[in-house]
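Here's the structure, in structure tokens; my notes come after.
The values are calculated or read from the model by the stated rules, or taken from the named source; none is laboratory data. Not measured: the values here are computed from a predicted model. As a convention, Cβ positions derive from the backbone with ideal geometry for all residues, glycine included, and neighbour counts pool all protein chains shown.
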Amino acid sequence: EQGYRRCGTALKDKARRPSQKRGEMGEMVERRKVRRYDLTLPVIIRVPHERASETQRGKTLDVSTRGLYFVIDQEVQAGSSLDITLTLPAEITQGSEVMVRASGKVLRVEERIEEGDTRMGVAAIIERYDIIRDEPKSLFPLNH
């Protein structure tokens with residue numbers, strides 16, 4: 001989709017740096033096939049197969065077209081399916097705000113201490129996503 005390519009270009013321009021690992025000599029080596037960007041965005045997560053399928057609000061720490069790492073208050077289990085909703089702001093998309101709805105799976109969960117509170121850091125793979133433009137604001141779950 002044309003809009004997607006435009007978003008991808010904007011991500012390259014706006015993100016601070018790709019996620020990297022240290023190599024043998026201490027130099028930074030990118031091991032991922034898809035570039036991840038350090039982007040802090042609000043995210044809404046739902047585990048669709050749980051009985052009480054409540055949403056959790058959190059924030060992303062990095063994002064790519066194939067995955068993301070986010071922080072939430074409550075634990076989710078590795079292997080769980082996820083419904084993910086996030087909004088890319090206009091300054092990233094170089095146009096209007098764009099909502100992304102995705103489905104994916106939890107790869108890894110780890111405890112993180114942030115400002116004295118224990119939160120859960122979650123690495124997830126994105127299996128499918130839809131880019132939604134010009135949706136009425138009343139339908140954005142992030143604005144509640």
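See the values below:
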| item | result |
| --- | --- |
| Single residue of GLU135, GLU97 found to be surrounded by 12 or more Cβ atoms within 10 Å (Cβ to Cβ), out of contact with any helix residue (DSSP H, G or I) (no Cβ under 8 Å at 6 or more places or on another chain) and modelled with pLDDT under 95 | GLU135 |
| Subset of the stretch 57-88 [among the aliphatic types (A, V, I, L, M) and assigned to a strand (DSSP E or B)] | LEU61, VAL63, LEU68, VAL71, ILE72, LEU82, ILE84, LEU86, LEU88 |
| THR60 free of Cβ contacts under 8 Å to residues at least 40 places away in the same chain, among the polar types (S, T, N, Q) and closer than 22 Å to ARG35 by Cβ | yes |
| Number of the condition not met by LYS59 [criteria: (1) modelled with pLDDT of 95 or more; (2) surrounded by 16 or more Cβ atoms within 10 Å (Cβ to Cβ); (3) among the charged types (D, E, K, R)] | (2) |
